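Quick notes on the structure that follows.
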Amino acid sequence: MKRSTATILPTGALRWSTACILAGLGLSGCERNYVATAKDQQMAETQKRIETLDAQKAKLMGGEVPNNLYIEGVGYYHSLARDFFPHPYGYEHQGKWFVNGTWATQAPVENESSSKPTPEALKKVQAALEREQQLLAAQSKNGSATHGSGFGMGNALLMYWLLAGNRGGFTHGPGFQRASAQAPAWQGEVERQRGNVNSYASANPGYRRMVEQSRATGTPVRSGQSVRGGFGSSRSGGGFSSGT
């Protein structure tokens, strides 16, 4: 029988190299650096989008939009101006700050309020929703249900919920009427992607550690980043349940 090459140190501990081999077999708590892949970044971006949907659904369907919420194709919402703009609230450029549609010479105070959009802002949302529907329909014919960031139906849901919560604040167009019938299918696609992320997280401890680190530091998961751990771990965190 072949003898083991593991070496026992005078302290009674295995050499580090041997311990790490055992860790790969799930026999030790040894942690190695895990480097995020392009797939990790893609999954983390999808997970973040779904978490944003979950967090904003109730508020949007109540007609309120939180300050700085970004809706693709519309812009960033400034709650005090009750409108959408191309830059976030407080965006700094060359010594000036973008606040409520204008450039200020002083940094604005922090704003965590929400408000109901103006009728003009709602028209922007409805126009963007119609463009989104056209794009989703075209891509559906090509066998693809997503675009851009890979989350077109989620963006459409944000706009539909917002318009549904402000039914009395604008004139309904055909885009909103179609969205009423399409929303269940959009939600179904979101749940399908939620399931994909949960399955990926369950099978990849390193990805779960990456998500934990992202939440702790406030920085997004990026391909090439590293984190300690992710091996020999049985923790199941990092996924999420349905937000419906």
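The values are calculated or read from the model by the stated rules, or taken from the named source; none is laboratory data. Just so we're clear, the structure is a prediction, and the values are computed from it rather than from any experiment. Backbone-built Cβ (ideal geometry, glycine too); neighbour counts: all protein chains shown. SASA here: full protein model, heavy atoms, side chains in, ligands and nucleic acids out. Shrake-Rupley method; radii C 1.70, N 1.55, O 1.52, S 1.80 Å.
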Residues of the stretch 29-75 being assigned to a strand (DSSP E or B), open to solvent by 60 Å² or more (accessible area, probe 1.4 Å) and farther than 24 Å from ARG192 by Cα, which ones? ASN33, VAL35
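So that you can scan it fast, the table gives a plain yes or no per residue for (1) part of a loop (DSSP other than H, G, I, E, B); (2) at pLDDT below 90:
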| position | (1), (2) |
| --- | --- |
| ALA137 | no, yes |
| SER149 | yes, yes |
| GLY154 | no, yes |
| THR171 | yes, yes |
| GLY224 | yes, no |
| GLY238 | yes, yes |
Unique residue being among the hydrophobic types (A, V, I, L, M, F, W, C), open to solvent by less than 30 Å² (accessible area, probe 1.4 Å), closer than 14 Å to TYR160 by Cα and touching a residue at least 40 places away in the same chain (Cβ under 8 Å) when the list is ALA179, ALA201, ALA183: ALA179
Out of (1) touching a residue at least 60 places away in the same chain (Cβ under 8 Å); (2) farther than 29 Å from VAL221 by Cα, the odd one out for LYS123 is which? (1)
For residues in the stretch 66-88 being out of contact with any helix residue (DSSP H, G or I) (no Cβ under 7 Å at 6 or more places or on another chain) and among the aromatic types (Phe, Trp, Tyr), which is farthest from GLU120 (Cα to Cα)? TYR70
Within the set of pairs 6 or more residues apart or between chains, which connect a residue that is β-branched (Val, Ile, Thr) inside the stretch 46-67 to a residue that is in a loop (DSSP other than H, G, I, E, B) with Cβ atoms less than 8 Å apart? THR46/GLY150; THR46/PHE151; ILE50/PHE240; ILE50/GLY243; VAL65/SER79; VAL65/LYS116; VAL65/PRO117
Residue pairs within 6 Å by beta carbon, gap of at least six or interchain, first lying in the stretch 99-119 and under 15 Å from GLY75 (Cα atoms), second of a type in the set (A, V, I, L, M) and assigned to a loop (DSSP other than H, G, I, E, B), listed first then second, are ASN100/LEU80; ASN100/ALA81; GLY101/ALA81
PHE84 fails exactly one of the following numbered conditions: (1) of a type in the set (Phe, Trp, Tyr); (2) free of Cβ contacts under 8 Å to residues at least 24 places away in the same chain; (3) under 19 Å from GLN56 (Cβ atoms); (4) assigned to a strand (DSSP E or B). What is the number of that condition? (2)
